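The values are calculated or read from the model by the stated rules, or taken from the named source; none is laboratory data. As the structure is a computational prediction, the values presented were derived from the model and not from experiment. When we count neighbours, we look across all protein chains shown, and the Cβ atoms used for this are built from the backbone with ideal geometry, even at glycine.
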Amino acid sequence: MRLRGPIVDVGEPRTAGGADLVELTIRPERGAADPTTVTLWNKWSETAEYAEAGMELLVTDAGEDEFRGETTYETTPDSWVVLEPEFLVDVTAVRSWVQCPRMYYLNKLSGVPLKYPVVKGTVVHEVFGDLLRGRDLDDAIDQRVAEAGLELGALGYDREEVENEVRRNAAAVEGWLQQGTLTEEDTWRSEYTLISPTFGLKGRADALRRGMPVELKTGKNTKREPRFQDKMQAACYALMLEEQGVDADTGTLLYTKNTALERAEETGDLSPAKEFSVGPGLLKFVVRTRNELAAMEFDASIPSGFEADANCQYCFEQDTCMVVSGRLDQESKAGQIGQPLPPEERAYFEGFYQSIEAERRQVHAEYRKLWEQGAQERADDDRALIDLEPIDREAISGGRWRLRARKPDDAVSKLREGDVALASDGDPVQGHAELCRIKSLGTGKAGAEIVVEADEPVDVRRLDVYPSELSVDRMLTALHDGVLTGDPDRKDVLFGRREPEFSGEMREYIDNNEAQNDAVNLATRADDFALVHGPPGTGKTYTIARTVKAMIEQGERVLLSAFTNRAVDNALEAVRDAGVDDEQIARVGTESGIREDMQDLHLKEEGEPGDRIAELKAASLVAATTASCGSRVMREEAFDVALVDEASQLTEPATLAAINLADRFVLVGDHEQLPRSCRPRAARRGPASTGWRRPTAVPRPATAPTAVASTAGRPGSTSRPRCSSACTS
């Protein structure tokens with residue numbers, strides 16, 4: 001018996017016959033049925049510690065009992081109990097939570113930093129996958145280090161130094177693969193995507209060996225057993241494999257740094273491979289841990305660290321944890337350092353934190369459609385191309401595969417060339433599915449050939465839009481950078497504690513349009529920020545170009561940004577037309593996202609580290625979408641001014657991703673344009689909102705944008721702005 005529905009009431013834990021239990025009242029059938037009682041026995045009774053009314057509960061293999069005409073249910077030895085199964089927890093989040101719930105929260109806020117161990121770890125993981133696919137070690141290292149050229153250059157590392165270190169780490173992998181214990185019966189899969197509708201988990205296993213999860217760690221571990229948090233990560237993958245019918249009873253951790261250790265200097269077990277058994281007890285602990293995390297995210301609560309047994313004294317995140325706790329006046333097991341932010345800043349942060357997490361739930365809803373919607377329904381929603389006919393598969397460089405399929409009709413979708421998509425044999429969840437990069441979608445007509453590239457081959461019969469939490473993660477990081485680590489003086493202006501300032505002489509930049517000339521002057525003279533708005537056809541793009549040119553001529557480094565690649569490239573075209581030298585420009589982003597006639601400005605990430613970072617640093621103008629502004633390399637860049645176009649299409653946190661990087665900023669947009677459709681809000685599951693508030697009517701010339709230096713509509717202000725409040729966030 002499978003029960004699923006919202007919790008109505010949570011009883012008090014008690015014991016019966018020496019066993020722990022708790023009784024919950026739920027409404028089965030997703031709330032459509034009458035309330036009924038479910039008894040959770042033994043370890044599942046721990047659910048009562050964090051379950052609450054309103055959460056959804058799933059119980060599998062429930063036992064049924066009838067007493068005095070009333071039917072009740074209870075867990076059995078085969079039961080699984082899942083809280084909030086619609087919230088998809090990433091496997092790496094479970095790993096962080098096991099170490100400390102507070103660390104999980106801090107990792108969400110600060111994002112993945114640009115640090116050498118992180119970049120090196122990515123390279124080693126890529127080489128690991130290459131070796132599993134039979135690629136030559138030297139070729140793999142050469143390509144993967146080159147692909148990380150820009151990040152390595154930003155960190156000050158040269159290619160040879162990194163190649164040597166990666167080779168020492170890769171020796172552990174190569175040696176293990178060559179061991180006699182591996183036979184011809186061994187089958188390998190690298191970078192395997194797993195999604196669990198039952199357990200509310202998702203992740204990407206480093207590799208599978210005979211169906212068993214193998215996880216690669218670039219650190220060292222001289223103990224016989226894998227670290228517990230690493231075991232939990234591998235066990236999560238084993239649990240999802242079990243759901244697919246694979247008896248994954250063993251996990252393996254590869255600690256590659258063990259091979260590079262000197263045996264004369266280290267003691268303990270220096271073998272890189274450490275296996276462990278995956279039993280029912282561990283798997284159920286995985287689910288209970290995942291439940292605790294999902295319960296915390298139910299109302300975007302903030303963990304304090306008291307939920308775990310971690311010792312703060314030995315935690316490398318202790319100082320960060322104490323600072324964040326102090327700044328936001330949060331309860332923390334580690335304690336607090338420093339003074340809290342002003343109340344209006346904390347309210348702003350907390351409100352948008354809730355909003356961004358609500359946006360995350362909407363992304364999870366898109367994941368769920370992969371299994372909740374039928375294939376035809378997905379196609380009708382333009383989220384998938386179905387009934388494809390596999391044509392062939394071709395092994396290409398790097399041990400990857402080029403896969404071709406033919407469309408049976410002229411169906412269209414939201415899929416675009418360059419997108420990361422999910423290619424499958426027809427079932428993207430329970431079947432064989434691989435993440436792929438779309439190289440070509442053909443003409444769109446019946447019989448058109450679709451070409452994708454993937455790490456592993458698959459008969460492509462269906463291609464689905466694959467949701468991503470990247471934009472959500474980067475908005476959260478931008479909020480962190482803007483409020484917690486942002487310049488106090490700038491925040492004084494944005495939160496209305498002082499007036500914005502302007503300095504310098506008025507100049508003539510545009511001699512035939514006074515309003516446009518005023519706008520350029522407003523932007524160039526702003527010491528804090530400036531806002532420029534106007535309806536279509538008023539010359540905003542031309543004004544942007546002349547503004548950027550003026551700033552560069554004054555010796556300033558400029559960031560040009562917008563929500564979409566289209567808007568960035570349109571503005572960049574105008575800048576080129578205005579006479580800015582191409583050698584001064586770097587276009588940051590993916591090759592597939594950049595317009596064909598702007599490809600010559602594209603900053604390549606692959607290459608010699610020193611050359612790649614030198615090209616970026618030498619650029620007086622860097623153009624990138626606000627999403628790209630949240631990348632690891634861009635977060636380390638600094639600009640004199642950020643100019644954001646089509647700002648009315650942006651949420652406030654997305655805007656922060658760009659303006660955080662500059663000393664001052666200029667935002668340009670049509671304040672009467674329909675705002676971007678987005679879901680953030682302060683209250684969980686409330687109505688949608690946007691970072692722009694609708695302005696009052698502002699008289700303006702019909703032939704030029706109106707430049708407005710407004711102090712209204714700041715974060716925390718209740719007055720009606722003369723332009724968008726997102727501009728000033």
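Before moving on, here are some points about what is shown:
- Check on Arg557, closer than 17 Å to Val641 by Cβ, of a type in the set (Lys, Arg), touching a residue at least 60 places away in the same chain (Cβ under 8 Å) and not assigned by the TED database to the domain that holds Ala421: yes
- Subset of the stretch 109-140 (residues that are of a type in the set (Asp, Glu) and either within 30 Å of Val323 (Cα to Cα) or surrounded by 17 or more Cβ atoms within 10 Å (Cβ to Cβ) (or both)): Glu126, Asp130
- Screening Asp645, Asp597 for residues that are in contact (Cβ under 8 Å) with a residue 24 or more places away in the chain and surrounded by fewer than 19 Cβ atoms within 10 Å (Cβ to Cβ) leaves exactly one candidate, Asp597.
- Verdict on Asp9 being farther than 29 Å from Ala238 by Cα and free of Cβ contacts under 8 Å to residues at least 24 places away in the same chain: no
- Set side by side, the residues Asp309, Asp269, Asp249 differ, and just one is in contact with a Lys or Arg (Cβ under 6 Å, 6 or more places away or on another chain) and not aromatic (Phe, Trp, Tyr), which is Asp269.
- Unique match (being of a type in the set (Gly, Ala, Ser), at pLDDT below 95 and surrounded by fewer than 17 Cβ atoms within 10 Å (Cβ to Cβ)) among Gly398, Gly338: Gly338
- Taken over the stretch 503-514, residues that are over 19 Å from Glu553 (Cβ atoms), of a type outside the set (Asp, Glu) and surrounded by 11 or more Cβ atoms within 10 Å (Cβ to Cβ) amount to 1.
- Residue among Asn570, Asn517, Asn521 that is within 31 Å of the chain's Cα centre (by Cα), assigned to a helix (DSSP H, G or I) and surrounded by fewer than 24 Cβ atoms within 10 Å (Cβ to Cβ): Asn570
- Residue identified as assigned by the TED database to the domain that holds Gly593 and either under 23 Å from the mean Cα position of the chain (by Cα) or surrounded by 16 or more Cβ atoms within 10 Å (Cβ to Cβ) (or both) among Arg490, Arg474: Arg490
- Inspection of the stretch 54-73 identifies no residue that is under 30 Å from Thr218 (Cα atoms), β-branched (Val, Ile, Thr), surrounded by fewer than 21 Cβ atoms within 10 Å (Cβ to Cβ) and out of contact with any Asp or Glu (no Cβ under 7 Å at 6 or more places or on another chain).
- Among the residues of the stretch 251-285, those that are modelled with pLDDT under 95, assigned to a strand (DSSP E or B) and more than 19 Å from Thr92 (Cα to Cα) comprise Ala273, Lys274, Glu275.
- Among the candidates Ile356, Ile337, the residue that is of a type in the set (Val, Ile, Thr) and part of a loop (DSSP other than H, G, I, E, B) is uniquely Ile337.
- Restricted to the stretch 184-236, the set of strands (runs of 3 or more DSSP E) holding at least 3 residues that are surrounded by 18 or more Cβ atoms within 10 Å (Cβ to Cβ), of a type in the set (A, V, I, L, M) and touching a strand residue (DSSP E or B) at 6+ places or on another chain (Cβ under 9 Å) comprises 201-209, 212-217.
- Scanning the stretch 620-650 for residues that are within 25 Å of Thr477 (Cα to Cα), of a type in the set (Gly, Ala, Ser) and part of a loop (DSSP other than H, G, I, E, B) turns up Ala627, Ser631, Ala638.
Here is a yes/no grid of residues against (1) at positive phi; (2) not aliphatic (A, V, I, L, M):
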site: Met240; (1), (2): no, no
site: Gly245; (1), (2): yes, yes
site: Asp249; (1), (2): no, yes
site: Leu253; (1), (2): no, no
site: Ala260; (1), (2): no, no
site: Leu270; (1), (2): no, no
site: Ser277; (1), (2): no, yes
site: Pro303; (1), (2): no, yes
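- Of all residues in the stretch 28-42, those satisfying the criterion of being in contact with a Ser or Thr (Cβ under 9 Å, 6 or more places away or on another chain) and either buried (at least 19 other Cβ atoms within 10 Å of the Cβ) or not in a loop (DSSP other than H, G, I, E, B) (or both) are Pro28, Thr36, Thr37, Val38, Thr39, Leu40, Trp41, Asn42.
- Close contacts from the stretch 263-287, counting a first residue that is surrounded by 12 or more Cβ atoms within 10 Å (Cβ to Cβ) and a second that is of a type in the set (A, V, I, L, M) and assigned to a loop (DSSP other than H, G, I, E, B), with Cβ to Cβ under 7 Å and a gap of 6+ residues or different chains, come to Leu270/Leu261; Val278/Ala248.
- Considering the stretch 503-551, the residues that are among the polar types (S, T, N, Q) and under 22 Å from Glu672 (Cβ atoms) include one that is modelled with the lowest pLDDT, namely Thr538.
- So Thr47, is it crowded, with 21+ Cβ neighbours inside 10 Å, modelled with pLDDT under 95 and in contact with a helix residue (DSSP H, G or I) (Cβ under 8 Å, 6 or more places away or on another chain): yes
- Flag for Glu331 being in a helix (DSSP H, G or I) and not assigned by the TED database to the domain that holds Arg490: no
- Scanning the stretch 476-492 for residues that are assigned to a helix (DSSP H, G or I) and within 19 Å of Ala657 (Cβ to Cβ) yields Leu476, Thr477, Ala478, Leu479, His480, Asp481, Gly482, Val483, Leu484, Arg490, Lys491.
- Exactly one residue out of Ser355, Ser413, Ser397 is under 30 Å from Gln143 (Cα atoms) and of a type in the set (Ser, Thr, Tyr): that is Ser397.
- Selection within the stretch 508-533 - touching a helix residue (DSSP H, G or I) at 6+ places or on another chain (Cβ under 7 Å) and either hydroxyl-bearing (Ser, Thr, Tyr) or touching a residue at least 40 places away in the same chain (Cβ under 8 Å) (or both): Tyr509, Gln516, Ala519, Ala523, Thr524, Asp528, Phe529, Ala530, Leu531, Val532
- Residues that are hydroxyl-bearing (Ser, Thr, Tyr) and not in a strand (DSSP E or B), drawn from the stretch 43-74: Ser45, Thr47, Tyr50, Thr60
- The stretch 1-27, subset under 33 Å from the mean Cα position of the chain (by Cα) and closer than 15 Å to Ser79 by Cα, residue surrounded by the most Cβ atoms within 10 Å (Cβ to Cβ): Leu3
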